[in-house]
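Engineer: One structure follows; several queries about it will come next.
The values are calculated or read from the model by the stated rules, or taken from the named source; none is laboratory data. Remember, predicted model here, so these are calculated numbers, not experimental data. Ideal geometry is used to build each Cβ from the backbone, glycine not excepted, and the neighbour counts take in all protein chains shown.
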């Protein structure tokens, strides 16, 4: 089924319990986004759903509304010893974000919500889960850890949600996901909701194996990237990149911006450079300890931090409001990562800028990116005033100055451990049965 136009739909138009409507009103949720408008009529009937939608489109609220409706209309047991609903997320940040949204929307429902994830607060989380919860949200590893300690059972699960399913594959969690799903009631005895940025064959295989005749819904904007994102590209040499970025930061003076790089080493080098030139950036990468990651995100979402340098660990699943600019200091090597990166700005109807520095090292990715998004990235001329003289980072304590010349592509190797990651070769095709394809001009990617 194809729809070219979606009329506005309010949450009040659905038959939702009053405690849930009260939470929606408190969160200022009035009109449904396209994914909510299409998914809710299906999931509120109790049907299983596999939905394709980018982050920032409102899919979290879609599955939370369905989850709360099910639990409110089927009272179930009141002992809370074992969860009635389970939400599985691939990353700690996404799990935290989902739990925050759930506590806001469900604050009048009386349900107890527990959050578990790896890397920190082990004893605190263990104690909380031991006390029981109606809704359990977490990452696969910590969930399995606590399950094997028999802190809870999964045979009473009424609703299970898999968020960012494609990311589960990327991070190697699929065996863990299957472990958890096989210990729940059979697919026809529970409701299963799956959301993914792409419904590839591997995601659909998971859906058909562990779900009950899932309805497939794809939200396809007319353009892969949001129309409200102004996309620009500069073509500096490797040696000009740092100077150009500093010139752009001074000219744009962004209220809140993210700068993406391809490696942790590049993130640390860029932080040193920006710090030497009067900026105070934070760095979010895979080896940052969990408490520091959470502190960085709190500062970035507040007023304490305006610039966040990130590797692609932060490119998906994070909802950070009011990011005005995204800079691709390194052009991504995976075409989908370009869309996910620039999707950090212009969220939920806001506007934003995405500026890519297409250097000699990563220019080879450009044709594939332009083919994927369906248009050329507008080339912007390099002006002299955008290339200021900059201060070099201070020398290290060993007495050796940091290398001035960026590492060339030939030294990066081909492994994921050092330098350029291998390209993914996943299929973009999707199955046709029970599929609704919704093409809409939404700008809330």
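Engineer: In this structure, does residue 74 turn out to be under 23 Å from residue 177 (Cβ atoms), over 25 Å from the mean Cα position of the chain (by Cα) and surrounded by fewer than 24 Cβ atoms within 10 Å (Cβ to Cβ)?
Structural biologist: no
Engineer: Ok, one more. Out of curiosity, is residue 8 modelled with pLDDT of 90 or more and surrounded by fewer than 24 Cβ atoms within 10 Å (Cβ to Cβ)?
Structural biologist: Working: modelled with pLDDT of 90 or more: no; surrounded by fewer than 24 Cβ atoms within 10 Å (Cβ to Cβ): yes.
Considered against the rule, which asks whether it is modelled with pLDDT of 90 or more and surrounded by fewer than 24 Cβ atoms within 10 Å (Cβ to Cβ), residue 8 comes out as no.
Engineer: Listed residues 220, 239; which is surrounded by fewer than 21 Cβ atoms within 10 Å (Cβ to Cβ), at pLDDT below 95 and closer than 23 Å to residue 337 by Cβ?
Structural biologist: Answer to the selection: 220.
Engineer: Shifting gears a bit: If a residue has to be over 25 Å from residue 253 (Cβ atoms) and at pLDDT below 85 to count, how many in segment 338-370 make the cut?
Structural biologist: In the first step, residues of segment 338-370 are kept if they are over 25 Å from residue 253 (Cβ atoms); the result is 339-340, 360-370.
Narrowing the set further to residues that are at pLDDT below 85 leaves 339-340.
Total satisfying the criteria: 2.
Engineer: If the requirement is being in the same structural domain as residue 187 (by TED's automatic domain parsing), part of a loop (DSSP other than H, G, I, E, B) and under 30 Å from residue 209 (Cα atoms), which of these qualifies: 42, 47? Please lay out each step first, then the result.
Structural biologist: Numbers: 42 fails: part of a loop (DSSP other than H, G, I, E, B).
Checking each option against the conditions leaves just 47.
Engineer: How about segment 238-351: which helices (runs of 4 or more DSSP H) wholly inside it have at least 2 residues that are touching a residue at least 60 places away in the same chain (Cβ under 8 Å), touching a helix residue (DSSP H, G or I) at 6+ places or on another chain (Cβ under 7 Å) and more than 29 Å from residue 117 (Cα to Cα)? Even if it seems obvious, please write down each step before you answer.
Structural biologist: Numbers: elements: 241-252, 264-276, 290-301, 335-342.
In segment 238-351, 241-252 are the helices (runs of 4 or more DSSP H) which contain 2 or more residues that are touching a residue at least 60 places away in the same chain (Cβ under 8 Å), touching a helix residue (DSSP H, G or I) at 6+ places or on another chain (Cβ under 7 Å) and more than 29 Å from residue 117 (Cα to Cα).
Engineer: Quick check on my filter: what residues within segment 340-385 are surrounded by fewer than 17 Cβ atoms within 10 Å (Cβ to Cβ) and touching a strand residue (DSSP E or B) at 6+ places or on another chain (Cβ under 7 Å)?
Structural biologist: 378, 379, 380, 382
Engineer: I'm trying to understand the selection: among the residues of segment 134-159, which are out of contact with any strand residue (DSSP E or B) (no Cβ under 8 Å at 6 or more places or on another chain) and touching a residue at least 60 places away in the same chain (Cβ under 8 Å)?
Structural biologist: Residues of segment 134-159 that are out of contact with any strand residue (DSSP E or B) (no Cβ under 8 Å at 6 or more places or on another chain), as a first pass: 141, 144-145, 147-151, 153, 155-156.
Within segment 134-159, 153, 155, 156 qualify.
Engineer: Residue by residue through segment 181-206, note down the ones that are more than 18 Å from residue 67 (Cα to Cα) and in contact with a strand residue (DSSP E or B) (Cβ under 9 Å, 6 or more places away or on another chain).
Structural biologist: If the condition is that a residue be more than 18 Å from residue 67 (Cα to Cα) and in contact with a strand residue (DSSP E or B) (Cβ under 9 Å, 6 or more places away or on another chain), then 197, 198, 199, 203, 204, 206 are the ones that fit.
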